[in-house]
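Some notes on the structure that comes next.
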Amino acid sequence: MSKDNQILEDFTSKEYEHGWSVNYEADEAPIGLNEGIIQWISAKKEEPQWLLEWRLKAFRTWLTMEEPKWANVHYPKIDLQGLRYYSAPKQTKKPKNLDEVDPELLDIYKRLGINLNEQKRLQGIAVDAVLDSVSVATTFKDTLSKLGIVFCSFSEAVKEHPDLIKKYLGSVVPMTDNYYAALNSAVFSDGSFCYIPKGVRCPMELSTYFRINAANTGQFERTLIVAEDESYCSYLEGCTAPQRDENQLHAAVVEIYAGSHAEVKYSTVQNWFPGDKNGKGGIYNFVTKRGICAGDHSKISWTQVETGSAVTWKYPSCILKGDYSIGEFYSVAVTNNYQQADTGTKMIHIGKNTKSRIVSKGISAGKSQNSYRGQVQVMKRATNARNFSQCDSLLMGDRCGAHTFPYIDINNPTAKVEHEATTSKIGEDQIFYCNQRGIATEDAVALIVNGYAKEVLNQLPMEFAVEAQKLLALTLEGSVG
Amino acid sequence: MLSIKNLHASIEGTPILRGINLEIKAGEVHAIMGPNGSGKSTLASVLAGREEYEVTDGEVIFNGKDLLEYSPEDRAREGVFLAFQYPVEIPGVSSTNFLRTAVNQVREYRGLDPLDAVKFLTLMKEKMKLVEIDQKLLSRSLNEGFSGGEKKRNEIFQMAMLEPKLSILDETDSGLDIDALKIVSNGVNQLKSKDNATIVVTHYQRLLDYIVPDYVHVLYKGRIVKSGTKELALELEEKGYDWIKEAVDSEATV
């Protein structure tokens, strides 16, 4: 075994940092999936009749659908009847503000490094904290509402802003879009809702922190972001889960709507439990994320740092409908041990003079498999569409795999589409060079990996970028705490 | 400062160094010359701790410490610096960021506080003058797209920043035009002091016009077969290596 392989071998011993769980009294749905369960969830959330019907319609469609098999991932069949579809911490009464939230729940977030106490929080980020199936707290709601911005849990939005929900729910990702989106539409529990009114620039980062705590429970969150004409917002999403031997399912749907001249920046740092060294346990992350640049000159930008999950299946996409609209996708996906990731994006150019940019950086270590799958589609009337794609793969060791599956579908002769791809290895030479300057091997690997991912990390909001850098190092290193 | 005794090293079972003996004192400059494949670069790599080379015999004492017992990074922190013949590229990592990590790890090892950004930049500005390096170069990715001359200049700049006790320049003159050679040599000469020592590994005498050695050693087939002063280098330039090869080879056959 050469030196760098041995170094990388050592890295796999790192334990997942957020693997703990907490016992709290939970309000749970019975295990299993049927129309009764959906009614139970809907009733629990005191939903209007139309939403229950919407869920049931999705469920009935889902029953006729097949699980997709095209992704380059392998896992045993998931027993969807063996899962629980709703689990929430029991709260005697609904908290009106942060002071009334059960301190035990706030503690969970504190342990994750997220202080929900507004006074103690850094200015500039509003947080919605989602634990298993419900949102436990949302900060800075009042500050935001003065600007007409709505930032709250999805359940609350259903009650407070039913018209907006009715108008936009399923408008970007139809309930029948795909197997997991349909399942999510049937059983989704909570998530965040953001609404930025016309002409408003959201003054702070909006963020949702998802935490799975309960065992044998699927998390099916739903996020909807609506940015009206000439508005702007930047949204962050973070996730962790306890370390459990069984695999857990996370099937989320995120929809973004951007009106003309609106801009939405969506950043994710995904750190679900990836399974242990031997590939046992971990989250199955089957997510549908899509945004529509509905108006002219609108822009949607996805940035993701994917480090966790046993299996990832995720393609944040942009439908570029408005003329001159712009879609961007920046991704770093790291896989280690037995992790599998099949991730990428779709850029659908419909409007004229639309532009898209894809920068994907895969990092594979251990025995993991890392695939980029991306589609660039230029429709007939999309005159002068432009796309630039860059897909880089970095291999660490010689037992992992990196794969690239680009699909390019052009129906307009004026389109200009560029695709660049590279594959490289962290070399013994690079590590030795760093060592010779006094840099320890682990720090050398962190330096090299972060350098490689820099173009993507630069897209993240400052605070998040630092976190993401640390996370990258942690995912790949053995003993850095 | 450095005492090498009977050093043997091999790569993948093939012996390269076959009994090197060398004494270097603080304040001295030693040139190691020799034909291709004589083991010059191997000696540099072994001293720096490159893993592929296996030391099969002998010892290296550096300031009273058994150097071979130290990891490559600890050797660097103890004050051994290798200016690489082929400096590697690290995309996305700026020279500044790289050096700050290096300088602070070395300082930590030596029990010093890390330099904050201001102090670090002040130090950098000061050292930049030595090798006439442009700040723009330092904000670029380390060695990526650098010309041969820029890479070598950057090596000497790193040397200036890390203030080593023993510097090993491995073919630093290769790929340099005369102007770059002057700049690099000038930098090395300015860094010279009575407390540090330099080993210049080179193929040609040319570099030694600028970095004047106290001693010149000729390496051939893994051994130092001739030592002398700077005049030896001139003799080699004039006569080539064949006369030394012949002398050594005939001795071996006797």
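Quick notes on this one:
- For the protein assembly as shown, alpha-carbon Rg relative to the globular expectation (2.2 N^0.38 Å, N residues): 1.14
- Positive minus negative residues near B:Leu169 (Lys, Arg vs Asp, Glu; Cβ under 10 Å): -3
- Gap separating the Cα centres of segment B:172-212 and segment A:329-391, nearest whole Å: 49 Å
- Of the beta bridges in the protein assembly as shown, as assigned by DSSP with both residues counted there, near 20 percent are antiparallel.
- Length-normalised contact order for segment B:1-138 - Cα pairs under 8 Å, 6+ apart - percent: 21 percent
- Each residue of segment B:53-70 is assigned a 3J(HN,Hα), and the resulting list reads 8, 9, 7, 9, 6, x, 9, 10, 9, 10, 6, x, 10, 7, 4, 5, 7, 8 Hz, derived from the Karplus form 6.51 cos²θ - 1.76 cosθ + 1.60 (θ = phi - 60°), x at Gly and Pro.
- In this structure, the amide hydrogen of A:Gln390, modeled 1.01 Å from its nitrogen in the peptide plane, lies closer than 5 angstrom to those of A:Ile358, A:Val359, A:Ser360, A:Glu420, counting only residues at least 5 positions away or on a different chain.
- Cα convex hull of segment B:1-136, projected area averaged across orientations, nm²: 10.3 nm²
- Amide H contacts of A:Leu249 (H built 1.01 Å from N, under 5 Å, at least 5 apart or other chain): A:Gln219, A:Tyr284
- Surface share of carbon and sulfur [accessible, 1.4 angstrom probe, percent] for the protein assembly as shown: 48 percent
- Computed over segment A:224-306: relative contact order in percent, which uses C-alpha pairs under 8 Å that are six or more apart: 38 percent
- Other residues within the sphere of radius under 11 Å centred on the Cβ of B:Gln190, judged by their own Cβ, net out at +3 (K and R +1, D and E -1).
- Largest to smallest principal axis extent of the C-alpha atoms in segment B:184-254, angstrom: 46, 24, 16
- Residue-averaged 222 nm ellipticity for chain B, from DSSP H runs of 4+ at -39500 (n - 2.57), nearest 500: -12000 deg cm²/dmol
- Segment B:95-185: trypsin sites (Lys or Arg not before Pro) falling in loop per DSSP and having at most 13 other Cβ within 10 Å: B:Arg110
- Accessible surface buried upon A-B contact (total; probe 1.4 Å; Å², nearest 100): 2200 Å²
- Interchain or long-range residues, amide H under 5 Å from A:Tyr232's placed H: A:Val200, A:Arg201, A:Cys202, A:Glu263
- Peptides ranked, highest mean first, by Cβ atoms within 10 Å: ranges A:278-285, A:437-444, A:465-472, A:35-42: A:437-444, A:278-285, A:465-472, A:35-42
- Dividing the mean sequence gap of close Cα pairs (under 8 Å, 6+ apart) by how many residues chain B holds gives a relative contact order of 27 percent.
- For chain B, diffusion coefficient by Stokes-Einstein and Kirkwood Rh (Cα), 25 °C, 0.890 mPa s, µm²/s: 130 µm²/s
- Listed peptides A:386-399, A:154-167 by packing density, highest first (mean Cβ within 10 Å): A:386-399, A:154-167
- Other residues whose C-beta falls under 12 angstrom from the C-beta of B:Ser3 contribute a net charge of 0, scoring Lys and Arg +1 and Asp and Glu -1.
- Cα pair distances exceeding 15 angstrom across segment A:382-481, given as percent: 71 percent
- Residue by residue along B:89-98, Cβ atoms of other protein chains within 10 Å of the local Cβ number 6 on average.
- Chain lengthening between B:Ser139 and B:Tyr86 when straightened (0.36 nm per residue, less Cα-Cα): 17.1 nm
- Kirkwood hydrodynamic radius of segment A:389-445, from inverse mean 1/r over distinct Cα pairs, in Å: 14.5 Å
- Dimensionless Rg ratio for segment A:285-356, taking C-alpha atoms and the 2.2 N^0.38 Å reference: 1.24
- Flagged links, alpha-carbon separation over 18 Å, of A:Lys314/A:Lys361; A:Lys280/A:Lys367; B:Lys165/B:Lys194; A:Lys146/A:Lys289; B:Lys25/B:Lys152; B:Lys119/B:Lys182: A:Lys146/A:Lys289; B:Lys25/B:Lys152; B:Lys119/B:Lys182
- Residues of segment A:423-445 that lose at least 40 Å² of accessible area (1.4 Å probe, protein heavy atoms only) when the other protein chains are present, relative to their chain alone, are A:Asp429, A:Gln430, A:Phe432, A:Tyr433, A:Asn435, A:Gln436, A:Arg437, A:Gly438, A:Ile439.
- Probe 1.4 Å, accessible area per residue of segment B:143-254, Å²: 46 Å²
- Per residue of B:73-80, other chain Cβ atoms within 10 Å of the residue Cβ number 4 on average.
The values are calculated or read from the model by the stated rules, or taken from the named source; none is laboratory data. Here the structure is a predicted model, which is why all the values come from computation and not from measurement. All Cβ positions, glycine included, derive from the backbone under ideal geometry; neighbour counts span all protein chains shown. Surface areas here come from the heavy atoms of the whole protein model, side chains and all, with no ligands, DNA or RNA. Shrake-Rupley method; radii C 1.70, N 1.55, O 1.52, S 1.80 Å.
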